[in-house]
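The values are calculated or read from the model by the stated rules, or taken from the named source; none is laboratory data. Nothing here was measured: the structure is a model prediction, and the numbers come from that model. FYI the Cβ positions are ideal-geometry reconstructions off the backbone, even for glycines, and counts take in every protein chain you see. All accessible areas refer to the heavy atoms of the entire protein, side chains included, with ligands and DNA or RNA removed. Shrake-Rupley method; radii C 1.70, N 1.55, O 1.52, S 1.80 Å.
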Amino acid sequence: MSGPLLEVKGLKKSYGAIRAVGGVSFQVMPGEIFGVIGPNGSGKTTMFNSVLGQIEPDAGEIHLNGQNITGLSPLQLNQRGVGRTFQTLQVFGKMSVRDNLIVAAQEHRGTMWSRMFAPGDSGLGAKADELIDLFGIRHVADKPAGSLSYGQQKLVDIAMAFMSEPALVLLDEPCAGVNPSLVGGISTLLKQLNQQSGVGKRASSFVVIEHNMDFVMDLCHRIMVMVEGEVMAIGTPDEIRANKQVLAAYLGS
Amino acid sequence: MKKQSAIIFTSVALLALLVAPHFLKSYGVYLLTYWLVFILAAMGLNLTVGYAGQKSLGHAAFFGIGAYTVAIMMKAGFSFWLGLPAAAAICFVTGILVGFPALRVQTIYLAFATLGFNTAAWLVMRNEEQYTGGTFGINNIARPELFGLSLDGALAYYYFTLGVTIVFGLLLFGLLRSPWGKAFTALRDNPIRAESLGVDVRNYTLLSFAIGAVYAGVAGALFASLVQFIDPAPFGVGQSIMMYLMVVIGGPGYFFGPVVGAAVGVVLPEWLRFAQDWYLFVFGSAVVLLMIWLPDGLLSIPDRIRARRESREASAARAAAVTAAAANAGKGSGA
Amino acid sequence: MADFFQLLFSGLATGSIYALAALGFTLLWQASGTINFAQGEFVMLPAFAMLAFASFGMPMPLSFFLTIVLAIAVLGWAFKRGIVDPLFRYGMMQIVVATIGLSIAMRNGVRLTGAEAHPFPSLFADRIYNIAGVTVTQSDIGTLVLAMLLVIGTQAFLARTITGRAMQAVAQNTESASVLGINVPRMIFYTFAINAILACAAALLVTPVYLAKFDMGESLGTKAFFAAVIGGFNNSRGALLGGLIVGVGENLAAAYVSAAYKDAVALALFMVVILFKPQGLLGRKEERKV
């Protein structure tokens, strides 16, 4: 049995007198879908941004495959196989959907110098088409991403995170603002990607922040509940559902 | 379809550029050469501003650095063919240095910073008389020879400039088609997202400045030999702003935008010199109107028409679908 | 030492004019995100308007008043409705480009009527005072006092009156201001109107020195712009500080460093501020938005 893919140990972050995250530890195993839930202001996003190198934690360590990645920049993290999506839409509006997908992985091919002479699609055309078909966005593949509907852009956004076959993907509210009828589809897609994607087609791991409880319970293997910057519980969906403390603090009210 | 028409358009334009000078007097040939020089400079700025989204208001400084490098080196007895690569190299390095502010500040702050750089460069050109001749400038700059052929004549120098412009145009075209082009566009559209996808924002930002600066430097070198006299005047902040306007008027991020922009920005006013005040008045007003009606520049017109047609077709299709549905419903209730 | 104080004082007088132009610049930015590259021309046009009214035989106070009315209509209302409002949704750089176009059009439009410099009557007598060995002109004193009064008056208006506070609320957060029932478009218009009035005042003070010429706005606009950035262009007090720094800095530099590089002092300061404190000396920091 191999060790955890992602390990967060004693993560702390305060803003002045306000403690956003106070000593959070958890592990994500290879191939696991790990959900993070909690009320607004519970420190989910701060935790997420610390792991992703957007902000520097006050204390604690973050390890990826046993290597310390604390304090690395988003760029360095991506180069080590960490992909992400954003809470708000973040596509390249003027590029076509297909180019959005290609640019999402091209920097993992060759060197800066060799890319100057590489073909326009960096040899990623087939991979992009594969994801375009999987996400059902073939009919808009050549349109500028900025001209699509919100739901379609969200799909493009998610697909981009998987183009470089990352070992770990952090998804920040993948269902936020999406039409409820599409939520089931996203869940199915993520399950498929969990099995198919990843380096050398090994299953990849996800960390998912989401408010939609049905979605999280259905998708995730394990769930961490955060309240006021602390971990209240970590367990399988069934364990979380049965946890009286969680029910009282979060689900119950 | 779009590709074909682009190829046809480009070939016709090239043919016209090859033949045109034979029907023009030497002033006409001079103007055409002048145009090419500014196309080359604006192409570089289009990379920095239009593709990579770095709001640079200091491009004329690179243009000036290129011109002064060649002029000073030629006065010191070096060949133009040594001066040209030196101009390009100096601009490349300066471009990287000027790019650093862009890593700290963006949009209008970056525009301010580059504008400041331009003012500083201009002050040096004006004040360091022992090198630049100050406001008196440097005159009698010679034109080069190529393989023993003198490029002294207006026509010969025109074809030389055309050749350089085409070569650099093709290089830029190739660069923009390579993964670099997508990386620059990603940087422009959303730098934070780009970084999270492995795009090295720092390298691409600096290189977008450096490569753009090389184009300006080469253009400046050609300019020095074309006009054969340089002083600090054409390399000030006003020229930078004009170059920025050329890119914006033509259409930032459109490959041929600088061709149109340079025509409107320098060739027309030069040609209409007798009515220059009127021209600039109309030009300024036109820029205001263009921003209001066509914020993406003149070359966005075809895209606009296409978008409008598509939305009209889409609404027509919707209307047809509604009518058909209504007709079906009518049949259904009738049966 | 007397030299130094003399330079300092005349620098303050020039700087206070820069501050007037810079103040309008920062107000526009705060209220509507407009960076006005035609700010110098907004000073040049009223100067010509006053001369035009005066040429019809009107007394100076009347032509100043009429110019203010005209400026509010043209540089305030028409500028806002015709250029800023339609471009607002495209973003800041489009407004920047449009105001660059506007400045070119205004400068060359005026040039069509003639490229010569016209003398302009000064508000102040040609008197020189000697205070403790320092010679100062009445015009320097008058300019400084009047400009400072205008800047402080504008500040007081913004801080003390209901309208002024509503304008500040709009500048800080347009959405919550409109939720609170503030008439946002009107408040933004008031800002444009104040900018126009300040420009007229700056014209009145600066033109006797610079003379009325089509390109007089060019260097004034640049200085105002440097001043606004140095002081912090999301802070109106910053405009005052920035204006005085630029005015004093260039005066002292011309005397003690090098006349050829006198503009470089303001420039150097400007570059340092841009790179290390882009929000300006007194400005608030704007968060980078994800």
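Could you give me the ³J(HN,Hα) list for segment B:277-283, computed from phi with Karplus coefficients 6.51, -1.76, 1.60 and θ = phi - 60°, whole Hz, x at Gly and Pro?
These are the phi-based 3J(HN,Hα) values: 4, 4, 4, 5, 4, 5, 4 Hz.
I need the calculated FRET efficiency for the pair residue C:272 and residue A:218, taking r as the beta carbon distance and R₀ as 56 Å, to the nearest 0.05.
0.50
May I ask which residue of A:60, C:59, A:159 lies farthest towards the positive end of the charge dipole of the protein assembly as shown, with charges of +1 (Lys, Arg) and -1 (Asp, Glu) on Cβ and the Cα centre as origin?
Result: A:159, furthest along the dipole toward the positive end.
Keeping all protein chains in the complex and leaving out DNA, RNA and ligands, what accessible area do you get for residue B:131 with a 1.4 Å probe, in Å² to the nearest 10?
Number for this one is 150 Å².
For chain A, what mean projected area does the convex hull of the alpha carbons give, in nm²?
Numbers: hull surface 57.4 nm².
Mean projected area for chain A: 14.4 nm², to one decimal.
Can you compute the helix-only [θ] at 222 nm over chain A? Use -39500 (n - 2.57) per DSSP H run of at least 4 residues, normalise by all residues, nearest 500 deg cm²/dmol.
Working: 9 runs with 82 residues, N = 253.
Counting only the DSSP helices, I get -9000 deg cm²/dmol.
Which value, in debye to the nearest 20, gives the size of the charge dipole of the protein assembly as shown about its Cα centre, when Lys and Arg are +1 and Asp and Glu are -1 at the Cβ?
With Lys and Arg at +1 and Asp and Glu at -1, about 1100 debye.
Work out from phi, with θ = phi - 60° and the Karplus expression 6.51 cos²θ - 1.76 cosθ + 1.60, the ³J(HN,Hα) of each residue of segment B:232-245, listed in order in whole Hz, and give x for Gly and Pro.
So the J values, rounded to whole Hz, are x, 3, x, 10, x, 4, x, 5, 4, 5, 4, 5, 4, 4.
Excluding residues on the same chain fewer than 8 positions from residue A:127, give the aspartates and glutamates whose Cα lies under 15 Å from its Cα.
A:99, A:107, A:165
Could you give the C-alpha radius of gyration of segment B:35-95 expressed as a fraction of 2.2 N^0.38 Å, taking N as the number of residues it contains?
In units of the globular-protein estimate, segment B:35-95 measures up at 1.20.
What residues have an amide H closer than 5 Å to that of residue A:94, excluding those fewer than 5 places away on the same chain, when H is modeled at 1.01 Å from N in the peptide plane?
Sorted by chain and number, the residues that satisfy this are A:146.
What is the log10 of I(q)/I(0) for segment B:13-296, computed with the Debye formula using one identical point scatterer on each Cα and no solvent, at q = 0.14 Å⁻¹?
-1.00
Hand me the tally of lysine pairs in chain C: alpha carbons under 20 angstrom apart, and the pair either on different chains or 8 or more positions apart.
Going through chain C pair by pair, I get 5.
Before rounding to the nearest 500, sum -39500 (n - 2.57) across all DSSP H runs of length at least 4 in chain B and divide by the residue total; then give [θ] at 222 nm in deg cm²/dmol.
Working: 15 runs with 249 residues, N = 335.
Result for chain B, helices only: -25000 deg cm²/dmol.
Under unit Cβ charges (Lys, Arg +1; Asp, Glu -1), what dipole magnitude, rounded to 20 debye, does segment B:13-296 have relative to its Cα centre?
Details: 12 positive and 11 negative charges, 72 e Å.
My answer is approximately 340 debye.
From largest to smallest, what semi-axes in whole angstrom does segment A:78-219 give when each is the square root of 5 times an eigenvalue of its alpha carbon gyration tensor?
Equivalent-ellipsoid dimensions as semi-axes: 24, 18, 13 Å.
Which of A:143/B:3; B:25/B:75; A:12/A:244; A:143/B:182; B:55/B:182; A:154/B:3 have a Cα-Cα distance over 20 Å?
Cα-Cα > 20 Å for B:25/B:75; A:12/A:244; A:154/B:3; rest within.
Could you order B:157, B:51, C:256 by accessible surface area, starting with the largest, using a probe radius of 1.4 Å?
Sorted by accessible area, descending: C:256, B:51, B:157.
Report the full-extension gain for the segment residue C:145 to residue C:89: residue separation times 0.36 nm, less the Cα-Cα distance, to one decimal in nm.
16.2 nm
In bins 10 Å wide, starting from 0, what share of all Cα pairs of the protein assembly as shown does each bin hold, as a percent?
Cα pair-distance distribution for the protein assembly as shown, in percent: 2, 11, 18, 21, 19, 15, 9, 4, 1, 0, 0.
Compare each residue of segment A:92-107 in its chain alone against the assembly with all protein chains, and report those whose accessible area goes down by 40 Å² or more; 1.4 Å probe, heavy atoms.
For segment A:92-107, once contacts with the other chains are taken into account, A:92, A:94, A:95, A:103, A:106, A:107 lose 40 Å² or more.
With a Förster radius of 41 Å, plug the Cβ-Cβ distance of residue C:162 and residue B:311 into 1/(1 + (r/R0)^6) and report the FRET value to the nearest 0.05.
With a Förster radius of 41 Å, E is 0.35.
Ratio of alpha-carbon Rg to the 2.2 N^0.38 Å globular estimate for segment A:1-79, to two decimals, please.
1.08
With every protein chain in place, what's the accessible area of residue A:129 (1.4 Å probe, Å², nearest 10)?
40
Taking R0 as 51 Å, what FRET efficiency do you get between residue A:239 and residue A:15 from their Cβ-Cβ distance, rounded to the nearest 0.05?
That pair, residue A:239 with residue A:15, gives E of 0.95.
From the phi angles alone, apply the Karplus equation (6.51, -1.76, 1.60; θ = phi - 60°) to segment B:257-267 and give each ³J(HN,Hα) in whole Hz, x where the residue is Gly or Pro.
Karplus-based 3J(HN,Hα) across segment B:257-267 equals x, x, 4, 5, x, 5, 4, 6, x, 10, 6 Hz.
Note down the magnitude of the dipole of chain C about its Cα centre, charges +1 on Lys and Arg C-beta and -1 on Asp and Glu C-beta and zero elsewhere, to the nearest 20 debye.
About 760 debye.
Tell me which residues come under 5 Å, amide H to amide H, from residue B:54 once H is placed; ignore anything under 5 positions away on its chain.
For residue B:54, whose amide H was placed from the backbone, the distant partners under 5 Å are B:49.
What residues qualify as long-range amide H neighbours of residue A:170, i.e. H under 5 Å apart, gap of 5 or more or another chain, H built at 1.01 Å from N?
Those qualifying (amide H under 5 Å, at least 5 residues apart or on another chain) are A:83, A:84, A:85, A:207.
Using helices alone, I'd like the mean residue ellipticity at 222 nm for chain C: each DSSP H run of four-plus residues gives -39500 (n - 2.57), total over residue count, nearest 500. Don't skip to the end; give the middle numbers.
Numbers: 11 runs with 199 residues, N = 290.
For chain C, the value works out to -23500 deg cm²/dmol.
Label segment B:1-119 by shape, choosing from rounded, prolate and oblate, from the square roots a ≥ b ≥ c of the eigenvalues of the Cα gyration tensor; if a/c is under 1.5 it is rounded, and otherwise prolate applies when a/b is larger than b/c, oblate when it is not.
Values: a/c = 2.44, a/b = 1.27, b/c = 1.93.
Verdict is oblate for segment B:1-119.
Let me see the P(r) profile for segment A:135-216: every Cα-Cα distance counted, bins of 5 Å, each bin given as a percent of all pairs.
Final binned percentages: 3, 14, 26, 24, 19, 11, 2.
How would C:116, A:107 rank on accessible area, largest to smallest, probe 1.4 Å?
C:116, A:107
If you take the accessible area of B alone plus C alone and subtract the pair, what total do you get in square angstrom, rounded to 100, with a 1.4 Å probe?
Accessible area lost upon association: around 3500 Å².
Mind running the shape call on segment C:13-216? Use the C-alpha gyration tensor, a ≥ b ≥ c as the square roots of the eigenvalues: rounded below 1.5 for a/c, prolate if a/b tops b/c, oblate otherwise. Spell out each step's value before the answer.
Numbers: a/c = 2.09, a/b = 1.39, b/c = 1.50.
Oblate, because a/c is 1.5 or more while a/b does not exceed b/c.
Based on alpha-carbon centroids, what's the gap between segment B:108-146 and segment A:53-85 in Å, whole number please?
Result: 46 Å between the Cα centres.
With the alpha-carbon atoms as the only input, what is the per residue convex hull volume for segment A:92-165 in Å³?
Values: hull volume 5.8 nm³, N = 74.
Looking at segment A:92-165, the number lands at 79 Å³ per residue.
Can you tell me the relative contact order of chain C? Whole percent, Cα pairs under 8 Å, sequence separation 6 or more.
Once divided by the residue count of chain C, the mean separation gives 36 percent.
What's the center-to-center distance, using Cα atoms, between segment C:221-290 and segment B:47-74 in Å?
25
Along the charge dipole of segment A:1-145, Cβ charges K/R +1 and D/E -1, which of A:105, A:76, A:31 sits furthest on the positive end?
A:76
Take the alpha carbon gyration tensor of segment C:98-163, find the square roots of its eigenvalues, order them as a ≥ b ≥ c, and report rounded if a/c is under 1.5; if not, report prolate when a/b exceeds b/c, else oblate.
Verdict is oblate for segment C:98-163.
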